[in-house]
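The values are calculated or read from the model by the stated rules, or taken from the named source; none is laboratory data. In this text the structure is predicted, and so the values were computed from the model without any measurement. When we count neighbours, we look across all protein chains shown, and the Cβ atoms used for this are built from the backbone with ideal geometry, even at glycine.
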Amino acid sequence: MTHRAIFAADNYILKELGNGSYGTVYASIPKAIANQILSDLKDPCNPLDRSEAKSKLRTALQAAKIAKGGFSPDKNDCRVEIEALQILNEDNNPNIISLKAADSSSQYGWFTLEPLAGGDLINFRKTILTCGPSNPPPISLAWHFIHDLANALLTMHTHGYAHMDIAERNIMLRPRGAFRDYPDVVIVDFGNSCDYRQWMKTSQSSTAKNSAALRSVFVGMYVRDLTCLRFPLQFSFEHVARNNSLLSAAMRGIKEYQLGKGERAEEYYVNFLIRLRDQALKEREREYKVLPEPLVEYFRQLERIVSDEDLEKAFPNLA
């Protein structure tokens, strides 16, 4: 059986949401939950209204990433991502995607995640550009993005994980965020991530001197994650930063950060991230303005990951 067939035995697959190098992401609902909701439609005493049934089904929605191939040690499966998220989610950081469940077999053929309705930064940037220079995003929103992204990197890097694939497509938005009317900024797709502990095990070094050198190389991977943020931030907010010296300096600091030398290089790097996050927290509050209407409408349109038509196609009783 394929991984998809195994997953579909206990879950309804509604539609494809995305396609990556080693896995495909689908909108899905556990059959046990969906079947109970559908059964309530036929309750002779208190039948469930169709609109309420659709709402409950949407609440049970999950994003399922299903591996395209079988188990392989070269990351063609979901194992790397599952193991990374199991550790990183211990901190309940809202800026890192949440793992819901995973294939318990040795195949690591699938796992489920919270569904993120806000889309990725590619589509977000396109929306910003369509707003034009007369209606730019507020400076506080740029600081918000810096805060959330620095917060995500702090959790990843202090737990010994380098993401290794920071890009617009791997940064998504959760519309109903923790800060006022702004979306949470969430890093996703840990399929290429590198675990320091595992990396050291596979290295050929056993001496303390070489271990220190390897540690320095790995911290360089953290810095690469940081400097790769310059592209998503510049693409969305460069025109805003031109008019604010503090924001411009912060974005330049991300772009140009250089790893120091010596035993305290990692400590200096972590302190830089903490200062960056705390500065963004302060400036976000000080400069706060509500989301402009075009962005409010953008998130409103994305609010439903599956449409009524998607649900009615999967469950004809709802039509």
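Going by the structure shown, is ASP181 surrounded by 18 or more Cβ atoms within 10 Å (Cβ to Cβ), over 17 Å from LEU17 (Cβ atoms) and of a type in the set (Asp, Glu)? Here the answer is no, as ASP181 does not meet what is asked. Out of LYS313, LYS255, report the one residue that is surrounded by 12 or more Cβ atoms within 10 Å (Cβ to Cβ), over 23 Å from the mean Cα position of the chain (by Cα), of a type in the set (Lys, Arg) and in a helix (DSSP H, G or I). LYS313 is the lone residue from the list that is surrounded by 12 or more Cβ atoms within 10 Å (Cβ to Cβ), over 23 Å from the mean Cα position of the chain (by Cα), of a type in the set (Lys, Arg) and in a helix (DSSP H, G or I). Selection of segment 102-115 for residues being within 15 Å of ASP10 (Cα to Cα) and surrounded by 15 or more Cβ atoms within 10 Å (Cβ to Cβ) yields ALA102, ASP103, GLY109, TRP110, PHE111, THR112. Of all the criteria given as (1) farther than 30 Å from HIS144 by Cβ; (2) in contact with a strand residue (DSSP E or B) (Cβ under 6 Å, 6 or more places away or on another chain); (3) of a type in the set (A, V, I, L, M), the one not satisfied by ILE33 is (2). For segment 239-252, residues that are exposed (fewer than 13 other Cβ atoms within 10 Å of the Cβ) and more than 26 Å from MET221 (Cβ to Cβ) total 3.
Test TYR268 against the stated conditions and say whether it is part of a loop (DSSP other than H, G, I, E, B) and at pLDDT 95 or above. So TYR268 fails the test.
Looking at segment 271-308, which of the residues that are among the acidic types (Asp, Glu) and not in a loop (DSSP other than H, G, I, E, B) is surrounded by the most Cβ atoms within 10 Å (Cβ to Cβ)?
The residue in question is GLU283.
Scanning segment 26-69 for residues that are of a type outside the set (A, V, I, L, M), farther than 16 Å from ILE13 by Cβ and assigned to a helix (DSSP H, G or I) turns up GLN36, SER39, ASP40, ARG50, SER51, GLU52, LYS54, SER55, LYS56, THR59.
Looking across segment 118-138, just one residue is surrounded by fewer than 16 Cβ atoms within 10 Å (Cβ to Cβ), in a loop (DSSP other than H, G, I, E, B) and either at positive phi or modelled with pLDDT of 85 or more (or both), and that is GLY132. Only one residue in LYS68, LYS56, LYS15 is modelled with pLDDT of 95 or more, in contact with a strand residue (DSSP E or B) (Cβ under 9 Å, 6 or more places away or on another chain) and of a type in the set (Lys, Arg), so which one is that? Of LYS68, LYS56, LYS15, the one residue that is modelled with pLDDT of 95 or more, in contact with a strand residue (DSSP E or B) (Cβ under 9 Å, 6 or more places away or on another chain) and of a type in the set (Lys, Arg) is LYS15. Here is a check on your reading of the model: is ASN89 polar (S, T, N, Q), assigned to a helix (DSSP H, G or I) and under 23 Å from the mean Cα position of the chain (by Cα)? Yes, satisfied.
Taken together, the criteria place TYR108 among residues that are touching a residue at least 24 places away in the same chain (Cβ under 8 Å), part of a loop (DSSP other than H, G, I, E, B) and aromatic (Phe, Trp, Tyr).
The C-beta contact set for segment 292-306 (first residue in the same structural domain as LEU129 (by TED's automatic domain parsing), second residue surrounded by fewer than 14 Cβ atoms within 10 Å (Cβ to Cβ) and at pLDDT below 95, distance under 8 angstrom, 6+ apart or interchain) comprises PRO292/ASN135; PRO294/THR130; PRO294/ASN135.
To keep it simple, each residue is scored yes or no on (1) touching a His at 6+ places or on another chain (Cβ under 9 Å); (2) surrounded by 16 or more Cβ atoms within 10 Å (Cβ to Cβ); (3) part of a helix (DSSP H, G or I).
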residue: MET172; (1), (2), (3): no, yes, no
residue: ASP189; (1), (2), (3): yes, yes, no
residue: ARG215; (1), (2), (3): no, yes, yes
residue: LEU226; (1), (2), (3): yes, yes, yes
residue: PHE231; (1), (2), (3): no, no, yes
residue: GLU263; (1), (2), (3): no, no, no
